[in-house]
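Step one of this worksheet: look at the structure below.
Read the figures in this text as sums done on the coordinates, not as results from a lab. Treat the numbers as computed from the prediction; the structure is a model and nothing was measured. With ideal geometry, Cβ positions are generated from the backbone for all residues, glycine too; neighbour counts draw on all protein chains shown.
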Amino acid sequence: MNLRACIVVAVISVTLGAFGLTAVPNIAYAAEEKKDDEKTAPSIDVSTGKKLNEAIEALNAQKYDEAKALLSKMNLEKLSPYEKSRVYQVLASIAGAQNDYDGVRKNMAAAIASGGLNDEEQQEARYQIAQMYIAQERWQDGINALNEWFTTAVNPNSTAYYLLAVSYYQLKQLDKAIAPAQKAVDLADKPRESWIQLLLALRIEKEQYDLAIPLLKQLVVSDPSKKNYWVQLSAVNRQLERYDDSLNVLEIANLAGLLTTDSDLRQLTDLEAFVGIPHRAAKNLDRYIAKEQIKPDEKAYERLAYSWIEAREYKKAVEPLEKAGELHPTGDTFVRLAEVQIQRQDWPGATAALQKALSKGSLKDTGNTQLLMGIALYSNKQPKEARAWFQKAAAYDKQKKQAEVWIKHIDAEQSS
């Protein structure tokens, strides 16, 4: 079974919105006030503050060209490091509003270089630079920037670990992706669905199925209406050979009305037969085929027949085997039908099935089919006809010895 094909991992969308990135700094200027527990911020010249506020108002009104024009009139050489840093932050905000990720990075780097940002602001700026690399799918640059940021960051947030994990994942460096992916989930009070999906994908890729189970349970609990999570949980349990658990998961999903496709219902009934409840499997298959929820094809009829056989309901196996035999390209399914009829001691039914098998041809074991025909005819009190079929079967090495025993037995009976 290819479990990776069963696990559906959400597409990792690399956009600012998907990651919740903060491309636009939250900046206030002329009206900055000191809180009791904060240091006094450097002052801004009244004229400079006025121009900055005008640019911010234009930015907020989505008049980006006007905002840039206002800032371009400022002589950066005459500004203090603190004032310069604020200009570059506003320029970064304008670039972010226009999805100009290069512009965000360039201006945030300039804000850092200006020397006007405090330690906390520098950390935020470096984080935003890393985010921009990732938004541009420059994975290795993003990894380098994030790892540099992590070295000095105080209490890094869960999103940062997720971004690092995504970047490693995109570069197929799965071993390096696992630790930050796990950290992202562990740090979040309510981890995002996509975060759990990423960690799940990594666990599956590394065949860490025991560790995948709790993640899938978490996803099922968070959104029990999503069929994929139930199907995936069942698949992982099968991979761990926990077949009863696998079936229980599918049965709950089915009761909730989530299993609606042909493949879902076949998987359910296959598991029912596999774990030793073939009667339930047969009844469900019969119902699903009748309602055309499962396509009435050769495999469906075969599975139905074999489930009835496993449940020792041989009579009920006859009709689906006949239908499967008509659909099968060779006569082998009719041979299986004949074996069921022999089990039921329905000799005419067995000979009829064997005739169909031989007429259809392309049999895996023609000699065995001829031997069975002889047995069915002899049991139906037709020894002369049976002897002719045993003679045909004797031409095959595999059946030769047994066929000759039957011939001697018939000859002995007829001579007595």
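Assorted remarks:
- Extension gain, Lys381 back to Leu174 (0.36 nm per residue minus Cα-Cα distance, nm): 67.5 nm
- Largest-first ellipsoid semi-axes for the range 238-310, taking √(5λ) over the Cα gyration tensor eigenvalues, angstrom: 19, 15, 10
- Computed over the range 330-416: relative contact order in percent, which uses C-alpha pairs under 8 Å that are six or more apart: 22 percent
- Sorted from greatest to least, the principal axis extents spanned by the alpha carbons of the chain come out as 129, 39, 36 Å.
- FRET efficiency for the Gln98 to Leu240 pair, using the beta carbon distance and R₀ = 35 Å, is estimated at 0.10.
- Most mobile listed residue (Ile289, Ile204, Ile178) in the chain, GNM with C-alpha springs under 10 Å: Ile289
- Normalised convex hull volume, the range 216-345, alpha-carbon set, Å³ per residue: 102 Å³
- For the range 274-286, the Karplus equation 6.51 cos²θ - 1.76 cosθ + 1.60, evaluated at θ = phi - 60°, returns couplings of 5, 7, x, 10, x, 5, 5, 4, 5, 4, 5, 4, 4 Hz by residue, with Gly and Pro reported as x.
- Mean ellipticity per residue at 222 nm, deg cm²/dmol - from DSSP H runs of n ≥ 4 across the chain, formula -39500 (n - 2.57): -22500 deg cm²/dmol
- The listed peptides 402-413, 51-62, ordered by packing as a protection proxy, come out as 51-62, 402-413 (highest mean of other Cβ atoms within 10 Å first).
- Each label point was placed 7 Å from the Cα along the Cα-to-Cβ direction; for Ser362 and Asn118 their separation is 8.1 nm.
- The lysine pair tally for the range 59-205, using Cα distances under 30 Å and a gap of 8 or more places or different chains, is 17.
- Summary of the geometry: the range 102-170 and the range 342-416, compared by the centres of their Cα atoms, lie 81 Å apart.
- Three-way shape label, the range 190-250, alpha-carbon gyration tensor, a/c 1.5: oblate
- Prolate/oblate/rounded call for the range 330-416, Cα gyration tensor, a/c under 1.5 rounded: oblate
- Derived scalar couplings between HN and Hα for the range 369-374 equal 4, 5, 5, 5, 4, x Hz in order, rounded to whole Hz, by the Karplus curve 6.51 cos²θ - 1.76 cosθ + 1.60 (θ = phi - 60°), x for Gly and Pro.
- Taking 0.36 nm per residue of sequence separation and removing the Cα-Cα distance, the Ser416/Lys190 pair yields an extension gain of 72.5 nm.
- Across Ala395, Ala179, Ala256, mean-square fluctuation computed from a Gaussian network of the chain (C-alpha pairs under 10 Å connected) peaks at Ala395.
- With 10 Å bins from 0: P(r) over the range 48-149, alpha-carbon pairs, percent: 17, 45, 30, 8, 0
- Charged-residue dipole, Cβ positions (Lys, Arg, Asp, Glu), the range 330-416 about Cα centre, Debye nearest 20: 100 debye
- Close amide-amide hydrogen proximity is noted between Ser43 and no other residue 5 or more places distant or on a separate chain, at a cut-off under 5 Å (H modeled in the peptide plane; Pro and chain starts excluded).
- The packing ranking, built from the mean of other Cβ atoms within 10 Å per residue, places the peptides 126-132, 248-254 in the order 126-132, 248-254, highest first.
- Value of D in µm² per second that Stokes-Einstein yields for the range 154-298, Kirkwood Rh from Cα pairs, at 20 °C (1.002 mPa s): 128 µm²/s
- Difference of contour (0.36 nm per residue) and Cα-Cα distance, Thr152 to Tyr396: 79.7 nm
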